[in-house]
Amino acid sequence: MLSTSVTAVLDDFLRYLALERGRSEHTVRAYRGDLGGLLSRVDEVSGLDLGLLRRWLAEGHAAGLGRSTLARRAAAARTFTAWAHRTGRLANDPGALLVSPRPRPALPDVLDAAETESLFTAAVAGAAEGEPVALRDLAIVELLYATGVRVGELCGTDVDDVDECRRALRVLGKGNKERTVVFGVPAARALRRWLDGGRPALARDSSPPALFLGARGGRVDPRIVREVVHAAVAAVPGAPDTGPHGLRHAAATHMLAGGADLRYVQELLGHAKLATTQLYTHVTVERLKVVHEQAHPRA
């Protein structure tokens, strides 16, 4: 249970994240969850010190929390104490001395090329009769894989964000950074079918200009998109269960395996750091070996 004064400070910090740092609602919610457990240990924010931060992480480790979770908690604590020190709520910044375990880079199982092809074969068959929701679902999975956009980015797009002539989509990513992604002919075909025969059937007078609508005419919810992707993948025998982020991973992996430049993939995915994109290269080692054997004089 947080004291009144601590609650007020936490609320100020979360507003700072949302308004000044441009963090998403999901990120702000994650910070609230992580910091709530830490700040419940003090009556005033000024009571935070390095020893308390270390004990908090140690207790999480003893409780069986993974390295990634502990690293995320430590990062949240460091961001908070730096802000609190900068705004005069802490005399010093204990988080600056906090060391946390480095998370092991981990990517989910990725659909291979055959599984991806089977996924879209099933999705196209499901939309064959032109049912509006089926047309929407096909366009969703096609665009997610074609562009590698995040589920929140896709749900936030409007009809005017689509440039069909250039086969391009404008999205608003993390930190309110806008970027343009491109897509191929299958996604363009699915999108046109949705805009012609699916969206008008679901739209209401009160509908927003959203590219994708829910069954009641409102902007489609990310939860619905996740359900759509899980259901589509479930139709492929032997495929690993995955959601929208899995299609994003598959898009990056398949592009790199096909010879795409790493920095192009970084731009497409909207990664701020190239190191984030490089996580995908671990699955292309076999291809690199083939290229090396073919091209290197002393292979």
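The values are calculated or read from the model by the stated rules, or taken from the named source; none is laboratory data. Predicted model, so just to flag it, every value in this text is computed and none were measured. Cβ: placed from backbone, ideal geometry, glycine included. Neighbour counts: every protein chain shown.
Per the listing Asp161, Asp137, the residue uniquely in contact with a strand residue (DSSP E or B) (Cβ under 6 Å, 6 or more places away or on another chain) and not basic (Lys, Arg) is Asp161. Pairs meeting the criteria (first residue in region 211-236 and under 21 Å from Val110 (Cα atoms), second residue part of a loop (DSSP other than H, G, I, E, B) and not aromatic (Phe, Trp, Tyr), beta carbons under 6 Å, at least 6 apart or on different chains) are Arg226/Gly243; Val229/Gly243; His230/Gly243; Val233/Ala239; Val233/Thr242. Take the conditions farther than 15 Å from Phe13 by Cα and at pLDDT below 95 and apply them to Gly36. Does it pass? When the stated conditions are applied, Gly36 does not pass them.
Residues in region 218-235 that are surrounded by 14 or more Cβ atoms within 10 Å (Cβ to Cβ) and assigned to a loop (DSSP other than H, G, I, E, B): Gly218, Val220, Ala235. Among residues of region 263-277 being modelled with pLDDT under 70 and touching a helix residue (DSSP H, G or I) at 6+ places or on another chain (Cβ under 7 Å), the one that is farthest from Thr147 (Cα to Cα) is Leu274. In the set Gly259, Gly238, Gly246, only one residue is modelled with pLDDT of 75 or more, of a type outside the set (A, V, I, L, M, F, W, C) and assigned to a helix (DSSP H, G or I); that residue is Gly246. Within region 237-274, being in contact (Cβ under 8 Å) with a residue 12 or more places away in the chain and of a type in the set (S, T, N, Q) holds for Thr242, Thr253. Quickly run through region 143-191 and pick out the residues that are over 30 Å from Leu17 (Cβ atoms) and touching a Gly at 6+ places or on another chain (Cβ under 9 Å). Passing the criteria: Ala146, Arg167. The C-beta contact set for region 120-137 (first residue under 14 Å from Gly198 (Cα atoms) and touching a residue at least 24 places away in the same chain (Cβ under 8 Å), second residue among the aromatic types (Phe, Trp, Tyr) and not in a loop (DSSP other than H, G, I, E, B), distance under 7 angstrom, 6+ apart or interchain) comprises Leu135/Trp194; Arg136/Trp194.
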